[in-house]
Amino acid sequence: MVLGHRRHSLTSNRSSIDSTRGDEVTKEDETVVDADQGNMLTHIISSLRPGADLSRVTLPTFILEPRSMLERITNFMAHPETLLPMPQIEDPIQRFVAVTKFYLSGWHIKPPGVKKPLNPILGEIFTGYWDYPDGTRGYYISEQTSHHPPKSSYFFMAPEHHIRIDGTLKPRSKFLGNSAASMMEGIAVMRFLDTGERFFITQPNMYARGILFGKMKYELGDHSYIRCPETGMEADIEFKTKGWVGGTYNAIGGFISDKNGKHLFELSGLWNEEMWIKDLTTGKKQLLFDASHAKPSYPKARPLEEQDERESQKLWHVVTDAVKRKDQDTATNDKARIEDRQREEAAKRNSDGVDWHPQLFRRVQGGPGGSEEGEEDLDWIINAKIDGKTPEEQVKQILGIAAILPGQAPPNRRFSIPSRSEHNDPSAAGNQTIQQSYLVNNNTKPEVSQTELDLPQQKQQTSSDLIDLSDPAPDEGMGVNANNPKDDPRLPVEKPNSTPENSNSGKKSQDEFSESMPPSRLLNFVDGEPGEGKALKRVDSETEEEERFHDAHS
């Protein structure tokens, strides 16, 4: 069965909305800019045409949210009262309803007005944790795995509650005239480890209205989907933008259907206030979630003095502090400094013929027969196997990936020398399959292993240019494999004399460079084989542009 798709227009049917606020614009969703700020925005976008990519446009800091996109993603886990009970629900239909409730509970969390989170730089990392009332914890690890196009990959797990979430967010910004849109591509895969169920989730698009004239207004728009391949159930949720005539802001509507496409429940309400669910079999309607009275639970993070220079809060500390104080000059200058460093790093990698690889994530092993078949739209997944038989063992494995808790020393990791880009290395032209990988203090080829290391207590400084090439990958490459117990991670990295850093060409050494810079679909289940025409399509409400996603099979 192919997921349903219907075009979204500015005059969307709002019959499912029983209570609206007419044309009222809530104060918390609008931003009023002064004359100077308005002139600045006009100057920046005056040369753009509708449909232009905004990812390379430097926006003024007065519209920035004082945190990185990697940290903003944690909004989805900010209501443990909706998150933790889900796997305990015995009825699979009610369990799916609970997943829908959890998904809808995070959209109201945002700063006042129209604010955009900071674009993470390549290799930026954010980790955090939640202390739950029952004494358990949830753990979060994220990394910016690509810069152009931007990709923010993340991992969350609550071991005692058997919940795991993997996701990659791929925002694509577009200029639409008097509006700017962030097309939120990418998916999240929520797993209930005790039932074996997976829930594939997409996001609505985000719109900033009135950027040239009028009041700036934030809206969510278009369709998002939740799909469970194991049960065949799906939720089609429409975030409705306000039309020119009639309608309201922040409205949602949609249906939850069974594997045969029969509508079981109807969704309605406002994503920033009350949301309702109606059982279409009994006709009973009840409150699903009240965002207006909900209190978010934000993640905790290690103190700044314990964080690495590449971790979000420490990296952007000067910028975020200046944004909070409305010191636009300081925020602009330090933001430019960080972005200039990123460009210098990219130029050095290009000149040295080195491909960048994430530290904590690896490419998804998708495709027919792959261990992660059907999850290709994740692109990247945490580079560790969390397979402990008990929650305690799983916690130990999670803490072995990255430092998350206060006082925790960064795990010792095994690194190897980065590869030379084949397009820059003539010696690689005759052999596309050879990749040399040097182990720590050992020039033998590594044995690939997913075995988890114990959480080490000794801190080791590393550079983002030190990567694991035991599993070669093109372009952005694979994540670091820190899980081979046969290697001694405490030994220093020795680079061969043939590398540019050790040559006598007069270039800056790798150590000097490291000191000068910080180290570094909704998947659609169908009956039968995936093929052209069966992919899920999502339509941009402004441009009617269709986007395709791959098919996933249980």
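The values are calculated or read from the model by the stated rules, or taken from the named source; none is laboratory data. Predicted model, so just to flag it, every value in this text is computed and none were measured. Glycine also receives a Cβ, built like all others from the backbone with ideal geometry; neighbour counts cover every protein chain displayed. These accessible areas exclude ligands, DNA and RNA; they are computed on the full protein's heavy atoms, side chains included. Shrake-Rupley method; radii C 1.70, N 1.55, O 1.52, S 1.80 Å.
Here's the yes/no breakdown for (1) under 23 Å from E392 (Cα atoms); (2) acidic (D, E); (3) at pLDDT 95 or above:
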position	(1), (2), (3)
I141	yes, no, yes
T145	no, no, yes
P150	no, no, no
F156	yes, no, yes
P159	yes, no, yes
P171	no, no, no
L176	no, no, no
S182	no, no, no
L220	no, no, no
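Find the strands (runs of 3 or more DSSP E) located wholly in the range 241-291 whose residues include 3 or more that are open to solvent by 10 Å² or more (accessible area, probe 1.4 Å), and list them.
Of the strands (runs of 3 or more DSSP E) lying wholly inside the range 241-291, those with at least 3 residues that are open to solvent by 10 Å² or more (accessible area, probe 1.4 Å) span 263-270, 274-279, 285-290.
Give the residues of the range 224-234 that are assigned to a strand (DSSP E or B) and either more than 21 Å from the chain's Cα centre (by Cα) or under 21 Å from K116 (Cα atoms) (or both), sorted by residue number.
Within the range 224-234, S224, E234 qualify.
Please go through the range 292-313 and pick out each residue that is charged (D, E, K, R), surrounded by 15 or more Cβ atoms within 10 Å (Cβ to Cβ) and assigned to a helix (DSSP H, G or I).
Within the range 292-313, E306 is the sole residue that qualifies.
Any idea which residue in the range 314-339 is modelled with the highest pLDDT, counting only those that are open to solvent by 60 Å² or more (accessible area, probe 1.4 Å) and not in a helix (DSSP H, G or I)?
That would be R325.
Can you tell me which residue is nearest to P120 (Cα to Cα) among those in the range 326-380 that are touching a helix residue (DSSP H, G or I) at 6+ places or on another chain (Cβ under 7 Å) and hydrophobic (A, V, I, L, M, F, W, C)?
In this case the residue turns out to be I338.
I'd like to verify a number: residues in the range 122-153 that are buried (at least 22 other Cβ atoms within 10 Å of the Cβ) and in a loop (DSSP other than H, G, I, E, B), how many?
Summing the residues that are buried (at least 22 other Cβ atoms within 10 Å of the Cβ) and in a loop (DSSP other than H, G, I, E, B) in the range 122-153 gives 3.
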